[in-house]
Structure formats: C-alpha cells, structure tokens
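Below: the structure, in structure tokens.
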Amino acid sequence: MKIIAYDLGTGGVKASLYDERMQTLAKSFIEYETFYPAHGMHEQRPADWWIGVADSTKSLLSKAGVAAEEVACISLSGASLVAIPMDAEDRPLLESVPIWSDTRAEAEAEEFFTRIDRDQWYMTTGNGFPAPCYSIFKLMWIRKHQPDIFEKTAYVLGSKDYINFMLTGVKSTDYSYASGTGAYDLVAGRMHPGFLEAAGLPVDIFLDPVPSHTVIGTVTTWAAAETGLAPGTKVVCGGVDNACMALGAVGAEDGKVYVSLGSSSWIPVNSRTPVLDPVKKPYVFAHIEEGMFTSAFSIFSGGSSLRWTRDVLFADVREDDIYRRMDEMAAGAPVGSNGIFFNPSLAGGTSQDKSIHIRGAYVGLHLGTDRADMVRAAMEGICFNLRLSLNHLREKVDIADGILFCGGGSKSAFWMQMFADVFDLTVEKSGIDQDAASLGAAAIAARGVGLWNDYAPLKALQTVQRRYLPEPVAAAAYTKLFPAFVHINERAAELGDYMQSVLSQI
C-alpha cells in the first residue's frame, strides 16, 4: 500500500510518496509563480497548482518505480485563506485568485466591522491574521470590483479543495480549511450565518465541511490520464496547511508547541480549546484531529526574508549551496552584527505588529557595514521577530525548556544555535525537516483508508535529530539587544502607516 501526499505551499507544490510504514520513497518539488498586479495584491493561478500536482505525480511514480495501481490513497495539505469562485457548471471564474497574503480587501473589512463587532468576530472565529487576508473579505472585494464574477459565483473552493475536485469531480472541504474563511464558528463547528449576512454573501457559498480523513471520492478516468494515477484511487478530503503541519510536526497531543521555519514562520500550540486573545490575536485553525485546535503567532516573512537577502546580496554569486556560504559569512560577524538591525516584515504585518503596513528595513547601516554584517542581521532579525511571537504565546501557555523546530530553515546548524541563543531556550531540530505538512497529509490518508485507526502512530516518526543549548554569553547579549529590536519594529510600523498615507495620495 502506497500513499501520495501533496503540500500546496506559497512557493510551489511539494509531493511525497510513502509506503505503509510512512517511509518516504520519493519526493518532488515544482515551483509556481506568484503575481503582484498592484499594492497588496498577491495572486496565483489554480491551473498552475494542477499542473504541478500532475507533473509531480508522474515524477514520483517514475523515481520510485512504483506502479500507479499500488497507490491506495491521495491526500492534500493546502495553503489557507483561498477562495476560488466557481460557477454553476463547476468552472473556475478567475484565472488568478488572491492567495493567503493578499490584503486588497482592507476597505471591505472595515465596512464589515461597521456591522459586526471586531472583537466578537475574532473571539468567534479565532481569525487573527490581518482581517483583509480572510476569504469573506476577499469575496466582498470581488462583489464590489468584479460584480460580473460575483454574480456567476455558485460556490467557492479552497486551494486543496480545488485539486480534490480536479481529481474526483467531487466538491468538498474539511473543518480545518473552513476555519480560515472568516465565517467559521470555532466552538459550534459550522459557518456563522450572521457573519455571512453581514458580508453580503449567500449562506451556501462555502461548502459544508467534513472530517479531514473522509474519503470524498476516487480519481476519475480523465484525472488519471492527466496525472498517471490509476482510475479509482481513493482521495481523502485533507486539510489546511497549518493544521497538517501541526499534525505532522507534533501529532495531536494537547500542549505541544513547535516552530515552523518556512517561507512564512509561526509558533503554534495544540490544545483542546482555542487560545484566544482579543488584543494580541493569536490565529487559530481547527486541528485535523476533531475537537482540537492549533493556535499560533506568526511572521509572514521568515524564510522568505532570508531568501530575499540571498537574492539581493548574492545576485552575483553562483553556488549550489549559497546558504552554507551565508552561514559562514554570518558566523564571521559578531553578535549584534556590528550595530546593524534588520526588520523582516517584507510581506507586511501580522496580528503581532502595530500595523499591517509595516515593511522591512535595515537600520544602523554605516560605511563599515559589509555583507557579512547584513546577512547576520537578517538572520538575527528573523530570530528576534519570532522571539516576539514566542513571548506572546508564553502569556497564554507554559513552554518548557525545549522547543521543536521544523521547516527548511532548521537545516542550518548555525541558525539553530542562534535561535537557541536569542530564545534562551534549548532548541530541538526535528527529523521531519520540511516534510511536516506532507507527513500530516499522509497520516490523514492512512487513517482514511483504515491503515491507522488514529494518529497515535505519528509519535514514533517524530524524532529529534539534534539539540542546541543556549550559549550563555551570546544569550545574555541578545537579551540586551532584544528591546532595541522591539523599538525598531514598532517605529517601522508607524513609518509604514505614514508611507501608506503618502502613497495613497499619489
């Protein structure tokens, strides 16, 4: 019995082929493009997701030498806060759709909050990202700016739900994905009709959710020809990326905390009740495990800020392992980067920032600044920003001396030691690396086809590869530097608001 899991991320689709022991037989990654047509607009083409899924499937089967008939089930983890308008004939109405980080719907969100109390909405939904990111506000924007599209919209699909539909012809969604729409009542476990009414949306525009491990259908003959899968292969509903990653990283255990260090980065906790705060606004998703939640603080530009640093500062360098060279250069600069600070808010602000208009910045540049200082400052800035997230989460839950890291950034031993020093905590490097969301999706498939009865077998797969202890001298220095970063971060938010007001007049 084989399982294929797909992780539809911001940068591309990651696909993994697993055997019945959840050992990886083959992997594939196919990038797709994000488009930025105007300020605050971040779009992708669903057709590109499908091409990525189809091509990666063929690649997996070929690499592993596995026959399509051996694949028992397909499962997807999908990027959150996406709503693809579909017409009554089940056709997508937009070539490109807003993705999770798109904030074009600021005015629509403010209009909504003239009818619904902002704190009531948050405490009901747990939707702690900046409000314009959520699906109901994006749909309000479409209604206002693309009325012909809205008029034809019969229902909407999330990112992984669209791929499921392409595979099976079945329309479905699960509780975890529904919890990122801006209209989901976390406690009641259903859409909130009052919020849909206030948004001016039909009550049935979102699909009724089912448990993530529900087998929603099988691969059609057409989809089999497109992907190389066998007709009749089972497909489970899958889950939103945040919840799949929580499942793959730390399972379904209450109180488990970890750090995801990917393109965007966050610190979540699993719990039986959602962690809510109307001031700090941790964001919450329904967990894959029924009756559980994953609550987190985040930064939108974690690994993507480091990638930006790579692309800008090392555009002239042609090396296969450029990140290793960046580690070596950063190690040559002192703690504090010779007085340089980096604010990594390149994708705007989250709920932990004073403004969604905050942007990235280098502060303290001088004539003696070199690339090593700037690289180290970028790495330190991401650490400091996630330390802010950690501090907020600590106000709500007890975090012991030991925090698990997964995601691409966790491969760097130098960076993991820096995190241990900045956090002043023991850092544990997960053996799962970048595959937490894929493993979570595969676990959903294993449960869906009866290979597993629950998610308990994940615990044996979630190993710790290495532990990093805080180095006392560096940790003490970072403790003194952290308030300066907080000050810079707050001023950057104020500057972002000012610049937004100026730019809006041009």
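Some points to look at:
- Label zone (Val317, point 7 Å along Cα-to-C-beta; backbone nitrogen cut-off 16 Å) within the stretch 399-422: 412-415.
- Reciprocal of mean inverse Cα separation for the chain (Kirkwood radius, Å): 23.1 Å
- Other residues with beta-carbon under 11 Å from the beta-carbon of Asp421 carry, at +1 per Lys or Arg and -1 per Asp or Glu, a net charge of -2.
- Cα centroid separation - the stretch 105-183 against the stretch 434-503, whole Å: 25 Å
- For the stretch 202-208, 3J(HN,Hα) per residue [Karplus equation, 6.51 cos²θ - 1.76 cosθ + 1.60, θ = phi - 60°, Hz, x = Gly/Pro]: x, 5, 9, 5, 9, 6, 6
- Footprinting exposure proxy ranking of Val257, Val473, Val422, fewest other C-beta atoms within 10 angstrom first, gives Val473, Val257, Val422.
- Residues Thr173, Thr114, Thr426, Thr103, arranged from fewest to most other Cβ atoms within 10 angstrom of their Cβ, appear as Thr114, Thr426, Thr103, Thr173.
- Using the Cβ-Cβ distance between Lys63 and Lys152 with R0 = 35 Å, the FRET efficiency computed as 1/(1 + (r/R0)^6) comes to roughly 0.25.
- Sequence of Tyr32, Tyr478 once ranked by neighbouring C-beta atoms within 10 Å, starting from the fewest: Tyr32, Tyr478
- Principal axis dimensions, the stretch 135-244 - Cα atoms, whole angstrom, descending: 45, 35, 21
- Relative contact order, percent, the stretch 118-238 [alpha-carbon distance under 8 Å, six or more residues apart]: 27 percent
- For the chain: relative contact order, % (alpha-carbon pairs under 8 angstrom, 6 or more apart): 15 percent
- Residue-count net charge about Lys2 - beta-carbon cut-off 10 Å; Lys, Arg +1, Asp, Glu -1: -4
- Paramagnetic reach from Glu197 (point 7 Å along Cα→Cβ, amide N under 17 Å) across the stretch 121-160: 121
- Overall dimensions of the stretch 1-54 by Cα: Rg and Dmax, Å: 14.1, 47
- Gain upon complete extension [Arg118, Lys354; 0.36 nm per residue less C-alpha separation]: 83.3 nm
- Shape box of the stretch 1-121 [Cα atoms, principal axes, largest first, Å]: 57, 32, 30
- Cross-link check: pairs Lys2/Lys63; Lys63/Lys459; Lys14/Lys160; Lys63/Lys429; Lys256/Lys396 evaluated at a Cα-Cα cut-off of 19 Å; pairs beyond the cut-off: Lys63/Lys459; Lys63/Lys429.
- Percent of alpha-carbon pairs separated by more than 23 Å within the stretch 2-237: 48 percent
Throughout, read-outs are computed from the coordinates displayed, never taken from laboratory work. Note that the structure is a prediction, hence the values are computed from the model and not measured. Virtual Cβ from ideal backbone geometry, glycine too; neighbours counted across all protein chains shown.
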